[in-house]
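What follows is a short report on a single structure.
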Amino acid sequence: MTPTPPPDVAALIEELNADRNALPGSPAPDTSRDAVADDDLPALLAAANRSCHIRLPEKGWRRWLLRPLGGLLAQINLHHAFTVRTLNRMMRLLEGEDLPESAALQQAQQRRLTLLRQINERLAALEALQLEARLQKLESAGTSGDTRP
Amino acid sequence: MKLAFVAPFFGAHAAGGAEAECRATALHLAERGHEIDILTTCLLDLQHDWNVEAFAAGVSADGPLTVRRFRSDPVDTQRFARLNLAVQSGRATPEEARAFTADHINSRDLYRWLADHHVRYDRVVFIPYLFGTTLYGSRLCPEKTILIPCLHDEGYARLPTVRDLFHRAARIVFHVEAEARLAKTLYGPLPGKSWIVGEGVDTVLQGDAARFRKTFGIGGPFLLCCGRKDASKNTPELLRYFADSPAVRRHGLHLVLLGPGSVSLPPQAQGLIHDLGFVSHQDKFDAYAACSLFVQPSRNESFSLVLMEAWDFARPVLVHADCEVLRDHVLQAQGGLAYAHAAGFSATVDWLLSHPDAAAACGQSGQHYVRSRYAWPEVMHRWETEVLA
């Protein structure tokens, strides 16, 4: 099988840097309010509401606890998809669900601890090195009285 | 041949490209039978306090090298910081420029010793250009001076004393053509005394991708960036481009940073950027083996050893198009792409990740470039037949 030759790098660099304002490869259209025409807004809000909705627990003390917030949650449901998604995740955590994010968080925490340990070990090694250098300096000053080579 | 290398810092521990190049070049020349003395200060490296000496003055050995350390002159750090800003911005008065050079790292003990003993050396190599040890030291034996400038396009390079240095040196060793072009632009023609030798690179490095992913808990494709993290290396811009890139999210790409320094991470990319700080050489090699792409965001490079190491692992690279040295490397090696702005960054990342065969071919081409031009035997051959001849 013939290996793939490298592309014409100079031409590609020219082409891919041609448009300073383009950000190709965007996974979704920009749906921020500033970018959306007024006519489209109701349809987009309706779509957001279909996909994101804060669910009050069906029964039990959590429903009782959260009932006073019902009106506020309804307003949030209507207006802000990002907040709704975040609150939905909080609700699921409150109900004891193990979210997929928790594994990643635990991994990140573990990695931080490992890195902290490595940093401490390296700092200790550096301190030992500096101490040794200082001792050598003191010794050489004490024995010869002349530190010039 | 008996040679002296003069450098402000020296040792295996000294962080920095010029420091690493000085030691590695001296060691390889010594392996080929040359007798080498290192003349340096007692300071640890550029990042540590210039008024705190880490080593005793005196003579020691580093393998086949004889290391002579001299006490450095005290530095008024507050005054230096003020002058440094003025010089960096290119708005220093002639008096400030002179004071900046005098207030840099100097060692009168070293100068006295070099003045008395330079006759015993066939050549004296000074590296890099911007230190008192080079600017003043080279005045003591200009006819024997070989300058390895590691020149960047920056405010310091426009100092009158630096212009004098380039005209005074008997021989100049450049890393790449772009660096020689920059010197010609700044100082005029330097006929008959400069060579493009490059920097020696250890090749056929070994790394274990699975070990890196297991040790640091990083799965999925990632972009790797190695080196000091600060504004001079353009790291903050890379982080902004990465955080704003739609291609990064589309491909589920992470960014791994290795090296000293600290930068604030953009909140929208939390969880995607992993700042691992200092790691061992082996961890770095494992990271090269594991990464999908390597990025060098700096606009000021005179060679870029880490770029060569990434290519030795046959990784496709991304470089900043504003750095002429890096752009030349990429075009000559056909080893990756260059980006000029945020949109270009996103587009080049997207292209390389969407065309894995072509990206792999770029990596292979880069590997051939490094091994055929910058492997130690090639570089040592150029030193012996051109520079020292």
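Here are a few things to note about the model shown:
- Approximate spin-label separation A:Asn120-B:Arg91, in nm, with each point projected 7 Å along Cα-to-Cβ: 4.8 nm
- Here the simple spin-label model places points 7 Å from the Cα toward Cβ, and for B:Arg158 and B:Lys193 these points are separated by 2.5 nm.
- Classification of the range B:261-303 by its C-alpha gyration tensor yields an oblate form. The axis ratio a/c (a ≥ b ≥ c) is 1.5 or more, and b/c is at least a/b.
- Pair-distance profile P(r), taking every C-alpha pair of the range B:264-389, with 10 angstrom steps and integer %: 12, 37, 36, 11, 3, 0
- Relative contact order (%) - criterion: Cα under 8 Å, at least six apart; region: chain B: 13 percent
- Kirkwood-Stokes translational diffusion coefficient of chain B, alpha-carbon pairs, 37 °C, 0.692 mPa s, µm²/s: 150 µm²/s
- Euclidean distance between Cα centres, the range B:65-143 to the range B:257-296, Å: 34 Å
- Partner lysines whose Cα lies under 21 Å from the Cα of B:Lys214, excluding those fewer than 8 positions away in the same chain, are identified as B:Lys284.
- Legend: ranking of residues B:Asp312, B:Asp357, B:Asp45 from fewest to most surrounding C-beta atoms inside 10 Å; resulting order B:Asp357, B:Asp45, B:Asp312.
- Calculated over the protein assembly as shown, the projected area of the Cα convex hull averaged across directions stands at 32.8 nm².
- Model label sites at B:Ala231 and B:Thr385, defined 7 Å from Cα along the beta-carbon direction, differ in position by 4.6 nm.
- DSSP assigns beta bridges within chain B; of those with both partners inside it, close to 10 percent run antiparallel.
- Note on the range B:108-194: dipole from Cβ charges, positive end direction compared against B:His117, B:Leu151, B:Ser194; the farthest Cα belongs to B:His117.
- Charge dipole (debye, nearest 20) of the protein assembly as shown; +1 at Cβ of Lys and Arg, -1 at Cβ of Asp and Glu: 960 debye
- Within chain B, the selection of entire DSSP H helices by a Cα span of 20 Å or greater along the long axis and an average Kyte-Doolittle value of at least -0.5 returns B:17-31.
- When the Cα positions of B:Pro128, A:Pro6, B:Thr185 are compared along the charge dipole of the protein assembly as shown, B:Pro128 comes out farthest toward the positive end, with charges on each C-beta of Lys, Arg, Asp and Glu.
- Sites listed here are GluC sites (Glu not before Pro) in the range B:93-187 whose DSSP assignment is loop and whose Cβ has at most 16 other Cβ atoms within 10 Å: B:Glu154.
- Applying 0.36 nm per residue to the separation of B:Ala102 and B:Asp208 and subtracting their alpha-carbon distance, the gain on full extension is 33.4 nm.
- For the range B:40-99, applying the loop criterion from DSSP together with a ceiling of 14 other beta carbons within 10 Å to the trypsin sites (Lys or Arg not before Pro) yields B:Arg91.
- Cβ-based exposure ranking for B:Ile172, B:Ile196, in which fewest neighbours within 10 Å come first: B:Ile196, B:Ile172
- Which of B:Ile105, B:Ile127 has the fewest Cβ neighbours within 10 Å, and the rest in rising order: B:Ile105, B:Ile127
We did not get these values from a lab; they are worked out from the coordinates using the rules stated. Values in this document were obtained by computation on a predicted structure and should not be read as measured data. Note that we place each Cβ from the backbone using ideal geometry, even for glycine, and neighbour counts take in every protein chain shown.
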